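Chemist: The structure's right below; bear with me while I get my questions together.
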Amino acid sequence: MQQELAQRLLSATLNWSNEEIEKYRELLDDFSELKYDQYQQYKPSSRFVENLCIWLNQFKPEEREIALNFILNNLVFISPAEMQHLVNSVYPEIVLPVLEKQTEALTIAMKNSASHVDDVVELISRQSLFLAMSDGARIDVFRRASKLDHDQVCVNYDLSDTKFGEVISEMKKRTKELSDKNGLPSTLLTDSFRNVFLLDDFSGSGVSYLRKEDGVWKGKINKVLSHLINERIIQLDGTERNPEIHIILYLITTRAYTALKNNIDEYCRDKDIQIVIHYLQIIEPVTLTDEEENWLKQYYNPVIEDTHYRKGNMDYPHHGFDGCALALVIYHNTPNNSFPILWAGDNALFPRVTRHKDVRD
């Protein structure tokens, strides 16, 4: 009944004919049931179609068709099931090839190396540390899907001296057991981790991950790596004792990858470390029509421009943070790289919860 009422309200909002109602009803019902109703920032009992009606009503009648087509043609919604699929793909598609490449290099000098390949992969896997850079990494799901030991997969990169000591101790104990069990040479054992994998869900511009401000490195990656350096997980001595650092992003734009790659290359030269960036899925920006561009500009409210928003390029603020021009919604929140028309204001179609807030008078 609630869904039927919302559909009638939607048809009245758009002044649809019976044919148009029939054309769009099934499509919107499927979108809502399969994906959009799962958006976690909706109020209790709230649904997509009723939010769509409220959202459309803020526009002039002649603009509502533009707004609806913008959603139908451009919106990319990552559902919980799709995110879980991405997380489940991290180990076999990204981590395992890294381990196999390292195994190939290590087993060249070993006798009967072919018979030990799987054992060495298992050993190197246990010599790897996995850290979440945010709660969006779904690190708990990753650990279960990858069947890793719980003490090598941490929900937070902020490891205290005590915690890191325990993690290292457990790693050395388990790898010694694996080495003895599978008859592997002791030269494969290490005193610290061979790999550090840093996981996160999405980067739209790369700005919040790594950037240089007034000659000083800022951003999430620098913060994480600085902590690992302080805890002596990473040694800044340019020796082979340094672990390989791997950044894994489930979703990324081409723009973010290019920016991150360039900044990481410079960062590695500055810090004398090696970092590799990996991703699973590219998200493309929207190509706007002139009609859509004018509509977006007309309804842009600069109230969203806090200090964090202004860290990005402000030439096209109505295109989202750093002008990324995305129509991306992730089931738990909407990135600020997406068009503000989607997430900003009291009548937002997909209300966004902001992590960083300025203190206002």
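The values are calculated or read from the model by the stated rules, or taken from the named source; none is laboratory data. In this text, all values refer to a predicted model and were calculated from it rather than measured experimentally. Ideal geometry is used to build each Cβ from the backbone, glycine not excepted, and the neighbour counts take in all protein chains shown.
Chemist: Check whether at least one residue in the range 347-360 is crowded, with 21+ Cβ neighbours inside 10 Å and outside the structural domain of Gln41 (by TED's automatic domain parsing), and report yes or no. Let's see the steps before the verdict.
Modeler: To start, the set of residues in the range 347-360 that are crowded, with 21+ Cβ neighbours inside 10 Å comprises 349-350.
Next, only the ones that are outside the structural domain of Gln41 (by TED's automatic domain parsing) stay: 349-350.
So far as the range 347-360 goes, yes, one or more of its residues are crowded, with 21+ Cβ neighbours inside 10 Å and outside the structural domain of Gln41 (by TED's automatic domain parsing).
Residue by residue, here is whether (1) within 27 Å of Tyr209 (Cα to Cα); (2) at pLDDT 90 or above; (3) assigned by TED's automatic domain parsing to the domain that holds Val329 holds:
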residue	(1), (2), (3)
Glu93	yes, yes, no
Pro97	yes, yes, no
Ala105	no, no, no
Cys154	yes, no, no
Glu170	no, yes, no
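Chemist: Say we look at the range 59-89 and pick out the residues that are among the aliphatic types (A, V, I, L, M) and within 17 Å of Ile283 (Cβ to Cβ); which of these is surrounded by the fewest Cβ atoms within 10 Å (Cβ to Cβ)?
Modeler: To start, the set of residues in the range 59-89 that are among the aliphatic types (A, V, I, L, M) comprises 66-68, 71-72, 75-76, 78, 81, 83, 86-87.
Right, trim to within 17 Å of Ile283 (Cβ to Cβ) and you get 71, 75-76, 78, 83, 86-87.
Working: Ile71: 20, Leu75: 19, Val76: 16, Ile78: 21, Met83: 20, Leu86: 20, Val87: 23.
It comes out as Val76.
Chemist: With respect to the numbered conditions (1) touching an Asp or Glu at 6+ places or on another chain (Cβ under 9 Å); (2) outside the structural domain of His319 (by TED's automatic domain parsing); (3) surrounded by fewer than 19 Cβ atoms within 10 Å (Cβ to Cβ), which one is the sole condition not fulfilled by Ile247?
Modeler: Every listed condition holds for Ile247 apart from (3).
Chemist: Here are some residues: Thr187, Thr175. Which one is part of a helix (DSSP H, G or I), touching a helix residue (DSSP H, G or I) at 6+ places or on another chain (Cβ under 7 Å) and β-branched (Val, Ile, Thr)?
Modeler: Values: Thr187 fails: touching a helix residue (DSSP H, G or I) at 6+ places or on another chain (Cβ under 7 Å).
Exactly one residue qualifies, and that residue is Thr175.
Chemist: Oh, and also: (1) more than 29 Å from Pro351 (Cα to Cα); (2) in contact with a strand residue (DSSP E or B) (Cβ under 8 Å, 6 or more places away or on another chain); (3) touching a residue at least 12 places away in the same chain (Cβ under 8 Å); (4) surrounded by 12 or more Cβ atoms within 10 Å (Cβ to Cβ): which one isn't true of Cys268, the others all being true?
Modeler: Only one criterion in (1) more than 29 Å from Pro351 (Cα to Cα); (2) in contact with a strand residue (DSSP E or B) (Cβ under 8 Å, 6 or more places away or on another chain); (3) touching a residue at least 12 places away in the same chain (Cβ under 8 Å); (4) surrounded by 12 or more Cβ atoms within 10 Å (Cβ to Cβ) is unmet by Cys268, namely (3).
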